[in-house]
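Step one of this worksheet: look at the structure below.
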Amino acid sequence: MSTQQTLDHGKVNEFLGKAIQDVGASFQAGLVLIGDRLGLYRAMAGAGGLTPAELAKRTGTHQRYVTEWLAAQAAGGYVTYDATTGRFTLPPEQAFVLLDADLPGAFMLGIGSVHGESKVADAFRTGTGVGWHEHETGVFEGCERFFRPAYAMHLTSQWIPALEGAQARLEAGARVADVGCGHGASTIIMAQAFPQSIFWGFDYHAKSIEWARRAAEKAGVADRVTFEVAPASRYPGTGYDLVTFFDCLHDMGDPVGAARHVRQSLAPSGAWMIVEPMAHDRLEDNLNPIGRLYYAASTLLCTPASLSQDVGLALGAQAGETRLRKVLTDAGFRRVRRVAETPANMVLEARA
């Protein structure tokens, strides 16, 4: 009996439909970035229905390209199309997600990650890692854009207030180290919210630190924010009232070693806030859209980054709270609690 004769063709068609959606999404990613780069979404926001010619005129683009782009956007549900008028509309809900929530940043991160596929495929064969710094610029910029909206929404309004005594200390004037800061979005958000405090952002990736310094100047907080190139296990300074790790602990080769350094760098009453991707402890409980996104990113970015470093623990982006707690307690933190969560993140507080 041939393999085809044993197939459930209903299941074949069901899976094929899912796969076609994925293939379409991979193409759509490029179109989203084009719409972002050329200002097409912004030109449509609040404008009501526009014809391709009108959108092309508003954005200084070629009508024929815009016509095809709009058709693809309508087929994907990003815009709506009125067949009676030939006009396309960007609904306010889509405008919010694309512009305010910066959905294109997620696509930028995804495309940049996929561009490193050949390096990661080689690492599959050898078991070696692929360092964060080995990826293209789109990964670094996309990562900032992917995470920044959630930080802007939750960090100073929910996550820091959930830490024991942290907000009052920051309002009075605290010393804060933001480790694995990347382009510095989280550091700058905290600095803007707490003008009495001083902040240090550390990251081993020199180009990201250069970007963060420019961002701090632009945001007007460079007098209270210092960005330095330093790894998580050797960043300078002690007596920090708050140390923060945003979506980076699982990327580290030796997270226990990094955690030990955090403990040594904290003031006696200081706190460590760890923001990590939301995950349950069991694989079967993470087989959902959030898990799908994070497992994929972890395969292309997070696990290779950890394996490129000493120890190479490779927690992965879906480590779950139990494994994260073990890292913290192995490093000597005696008090660990989950203080906040969103559909995408969990926030832990650790104290010696």
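The values are calculated or read from the model by the stated rules, or taken from the named source; none is laboratory data. Note that the coordinates shown come from a computational prediction; the quantities given were computed from them, not determined experimentally. Using ideal geometry, Cβ is built from the backbone for each residue, glycine included, and neighbour counts are taken over all protein chains shown.
For the reader, a short list of remarks on this structure follows.
- Candidates Gly312, Gly257, Gly270, filtered to the one that is on the phi > 0 side of the Ramachandran plot and assigned by TED's automatic domain parsing to the domain that holds Ala177: Gly312
- Any hit, segment 323-338, residues being within 16 Å of the chain's Cα centre (by Cα) and either under 21 Å from Ile188 (Cα atoms) or surrounded by fewer than 21 Cβ atoms within 10 Å (Cβ to Cβ) (or both): no
- Of the helices (runs of 4 or more DSSP H) that lie entirely inside segment 19-123, those containing 1 or more residues that are among the basic types (Lys, Arg) and within 25 Å of Arg148 (Cα to Cα) span 40-44.
- Checked against the criterion of being over 26 Å from Leu155 (Cβ atoms), in contact (Cβ under 8 Å) with a residue 40 or more places away in the chain and part of a helix (DSSP H, G or I), segment 308-326 contains not a single residue that satisfies it.
- Among the residues here, Gly138 qualifies as buried (at least 17 other Cβ atoms within 10 Å of the Cβ), assigned by TED's automatic domain parsing to the domain that holds Ala314 and in a helix (DSSP H, G or I).
Yes/no per residue for (1) buried (at least 16 other Cβ atoms within 10 Å of the Cβ); (2) touching a residue at least 40 places away in the same chain (Cβ under 8 Å):
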position	(1), (2)
Glu14	no, no
Gly30	no, yes
Ala43	yes, no
Arg64	no, no
Leu70	yes, no
Gln73	yes, yes
Asp82	no, no
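- Sub-7 Å Cβ pairs linking a first residue in segment 255-272 that is closer than 13 Å to Arg234 by Cβ to a second residue that is assigned to a strand (DSSP E or B) and not charged (D, E, K, R), at least 6 apart or interchain, are Val262/Val243; Val262/Trp272; Ser265/Ala177; Ser265/Tyr240; Ser265/Val243, ordered by first then second residue.
- Members of segment 117-135 that are under 19 Å from the mean Cα position of the chain (by Cα), over 30 Å from Ala267 (Cβ atoms) and crowded, with 19+ Cβ neighbours inside 10 Å: Val130, His135
- Among the residues making up segment 327-346, those that are part of a loop (DSSP other than H, G, I, E, B) and more than 17 Å from Cys143 (Cα to Cα) are Ala331, Gly332, Phe333, Arg334, Thr342, Pro343.
- Inside segment 155-179, residues that are surrounded by fewer than 21 Cβ atoms within 10 Å (Cβ to Cβ) and part of a helix (DSSP H, G or I) make up a count of 9.
- Cross-chain or 6+ apart pairs with Cβ under 8 Å, segment 85-99 first and assigned by TED's automatic domain parsing to the domain that holds Gln63 and of a type in the set (D, E, K, R), then at pLDDT 95 or above and surrounded by 12 or more Cβ atoms within 10 Å (Cβ to Cβ): Arg87/Gly49; Arg87/Leu50; Arg87/Thr51; Arg87/Tyr81
- Filter pass, Tyr78 being at pLDDT 95 or above, within 15 Å of the chain's Cα centre (by Cα) and either in the same structural domain as Tyr240 (by TED's automatic domain parsing) or surrounded by 20 or more Cβ atoms within 10 Å (Cβ to Cβ) (or both): no
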